[in-house]
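Here's the structure we're looking at; comments come further down.
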Amino acid sequence: MAQTALASLPGLQDAEVSIVLTTDDEVRDLNFQYRGIDRTTDVLSFAQREGEDADPDDLVLGDLVISVNRAQDQAIEYGHSVNRELAFLTVHGILHLLGWDHQTADDEALMMEKTETILAGLGLTREAR
């Protein structure tokens, strides 16, 4: 699924992303260790292509750490499958690795639109279970 999502983005069909599926506790620990935030979250993105020495053309994009506990809870909350939620978090995380963010309402709307477009291309619309 991540490979198909990457292939839908220009120039990224050969890109690499590491994905770790883990628990709320592990994500909370990593969130505190790397971001100083002592709470869990659904997905953490660790970009390879940022910083002064980064190569913007590097096809190793970085790492995603996804809380399966959160994905399960959010799937119930949003009324769709766990598969769709994991796909959403993966695509969302990939966009973060590429520099997308949602600090403003406009940025959030653009990121959500791009995420949903990619998911639709994977056959995972909001209605799909």
When you scan the range 77-92, do you find a residue that is over 22 Å from D24 (Cβ atoms), of a type outside the set (S, T, N, Q) and either in a helix (DSSP H, G or I) or under 15 Å from the mean Cα position of the chain (by Cα) (or both), even just one? no
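What number of residues in the range 113-129 are basic (K, R) and not in a helix (DSSP H, G or I)? Walk me through it before giving the result.
Quick first cut of the range 113-129, residues basic (K, R) only: 114, 126, 129.
Still in the list and also not in a helix (DSSP H, G or I): 126, 129.
Number of matching residues: 2.
V65 - would you say it is within 26 Å of G121 (Cα to Cα) and in contact with a His (Cβ under 7 Å, 6 or more places away or on another chain)? Steps first, please.
Values: within 26 Å of G121 (Cα to Cα): yes; in contact with a His (Cβ under 7 Å, 6 or more places away or on another chain): no.
So V65 fails the test.
Could you identify the single residue in L6, L95 that is touching a residue at least 40 places away in the same chain (Cβ under 8 Å) and either closer than 19 Å to L119 by Cα or under 14 Å from the mean Cα position of the chain (by Cα) (or both)? I'd like the intermediate steps shown before the answer.
Working: L95 fails: touching a residue at least 40 places away in the same chain (Cβ under 8 Å).
Result: L6 is the single residue among L6, L95 that is touching a residue at least 40 places away in the same chain (Cβ under 8 Å) and either closer than 19 Å to L119 by Cα or under 14 Å from the mean Cα position of the chain (by Cα) (or both).
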Exactly one condition in (1) touching a residue at least 12 places away in the same chain (Cβ under 8 Å); (2) part of a helix (DSSP H, G or I) is not met by L110; state its number. (1)
Just checking, which of H80, H92, H102 is buried (at least 19 other Cβ atoms within 10 Å of the Cβ) and either farther than 22 Å from M1 by Cα or at pLDDT below 95 (or both)? H80
Failed condition for G121, given (1) closer than 18 Å to L44 by Cα; (2) touching a residue at least 24 places away in the same chain (Cβ under 8 Å), with all others met? (1)
Output the number of residues of the range 1-33 satisfying the condition of being modelled with pLDDT under 95, in a helix (DSSP H, G or I) and surrounded by fewer than 16 Cβ atoms within 10 Å (Cβ to Cβ). 3
Which of the residues spanning the range 43-77 are modelled with pLDDT under 95, surrounded by 15 or more Cβ atoms within 10 Å (Cβ to Cβ) and of a type in the set (D, E, K, R)? R49
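The values are calculated or read from the model by the stated rules, or taken from the named source; none is laboratory data. All figures in this text were calculated on a predicted structure; none of them were measured in a lab. Cβ: placed from backbone, ideal geometry, glycine included. Neighbour counts: every protein chain shown.
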